[in-house]
Amino acid sequence: MRKFGIFTIRTETQDALGRRPIAGSFSFAARSFAARPRAALLLAVMVCTSLTGCSKNTADLELDAARKAMDKASAQKASDCATATYKAAETALNEAQKLAADGKIDEAKAKAMEAETLADQAALASPPGCDEPKVATPDEPAQPETTDASMNLSIESALKNVIYFDYNDASIREDSKAVLEDVAALLQKAPATRIEVEGHCDVRGSTEYNLHLGERRATSVKKYLTAHGVEPSHVAVISYGEERPVDLGMSEEAHQKNRRAELKRQ
C-alpha cells in the first residue's frame, strides 16, 4: 500500500497596493510527485492562480502614462502651439488603445510609449502664453514700412530659396545661413510681411516621427530668423512631414531634395 503525505507550500506575496508581504499556505494530500507528474503540474496551476503575481499581461500602465502626458500637453495649449506633434501623439494614443483592445499587447505598449514621448515633446514646445497673439505696447515705435514694387520683388525672390537639411537632423547648415540672413534683413525692412515656414522630410521613418522632425526643421529656421531681428509673431511654422515630396525617387539625391524647409508669404 502506497503512503500519502501532507504537503504544505508557504507563499509570500504583496497586497493589492504593493505595501507589505502577506504570508499564506496551501496544504493538501498527494501521492509522490515522482510517480504522479500530473499532480506537480496541477499544484503549479493552483499556486499560480492563487497568487497576485500571476496577473494578466496588459498595456494599462503604458496607456495611463500616455494619457497623463496628453493631458499635460493639452493643458499647456500644445494643440495650438505644437499642433503637428500634438496631433501625432493623439493618433499614436488612439492606435495604442485599439491595439490593446485587439489583444496585441506588446504592440500597444510600444505605441503608447511613442504617444507619451510625442506628447512630452509637444508640451516642451508649448511655453506659457505661446497661444496668445503679441499685442504691441503704446510706446513701441512704429517701424517705417516699405511697400514699393522693388522691395516686394526682392522678398519674393528671397523666399524662393529652399533650406536643406542633413539626414535625421534639424540644424541649420552653413550653406543656408547666408540665405536666411538675407531673408531676415529684407523682412525687417518690410515689417508688415508675414511668412510661413514649411518643414518637410524624406519618406524614411514613421509618419508621426517625420511630422515632428518637419516641425523641428521649420522651428530651427524661425529661430534663426528671429535671432537676426525678425519679429517672432511674423513667422509661422507648419510641418508636412513626408506628405509633400518634390522628388518621388528613392535615391539619396531624391531624399536630399525632400529634406527641406520652404518659405511662403502669408
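The values are calculated or read from the model by the stated rules, or taken from the named source; none is laboratory data. As the structure is a prediction and not an experimental result, all values here were calculated from the model. Glycine also receives a Cβ, built like all others from the backbone with ideal geometry; neighbour counts cover every protein chain displayed.
Kindly provide the set of residues from the range 146-195 that are modelled with pLDDT under 90 and either touching a Phe, Trp or Tyr at 6+ places or on another chain (Cβ under 8 Å) or among the charged types (D, E, K, R) (or both), ordered by number.
Matches in the range 146-195: Asp148, Glu156, Lys160, Lys189.
Mind checking which pairs have a first residue in the range 182-195 that is in contact (Cβ under 8 Å) with a residue 24 or more places away in the chain and a second that is charged (D, E, K, R) and not in a loop (DSSP other than H, G, I, E, B), Cβ under 8 Å, 6 or more apart or different chains?
So the pair list comes out as Thr193/Arg265; Arg194/Arg265; Ile195/Lys264; Ile195/Arg265.
For the range 250-266, name all the residues that are under 15 Å from Ile172 (Cα atoms) and small (Gly, Ala, Ser).
Ala261
In this structure, does Ala92 turn out to be within 13 Å of the chain's Cα centre (by Cα), aliphatic (A, V, I, L, M) and within 24 Å of Arg217 (Cβ to Cβ)? Can you show your working first?
On the way: within 13 Å of the chain's Cα centre (by Cα): yes; aliphatic (A, V, I, L, M): yes; within 24 Å of Arg217 (Cβ to Cβ): yes.
Yes.
Among the residues that make up the range 191-202, is at least one of them of a type in the set (A, V, I, L, M), in the same structural domain as Arg259 (by TED's automatic domain parsing) and within 16 Å of Ala88 (Cβ to Cβ)?
At the first step, the residues of the range 191-202 found to be of a type in the set (A, V, I, L, M) are 192, 195, 197.
From the residues that got through so far, the ones that are in the same structural domain as Arg259 (by TED's automatic domain parsing) too are 192, 195, 197.
Restricting the remaining residues to those that are within 16 Å of Ala88 (Cβ to Cβ) gives none.
Among the residues of the range 191-202, not one is of a type in the set (A, V, I, L, M), in the same structural domain as Arg259 (by TED's automatic domain parsing) and within 16 Å of Ala88 (Cβ to Cβ), which makes the answer no.
Restricting attention to the range 231-266, report how many residues are within 26 Å of Ala185 (Cβ to Cβ) and out of contact with any Asp or Glu (no Cβ under 9 Å at 6 or more places or on another chain).
Qualifying residue count, the range 231-266: 4.
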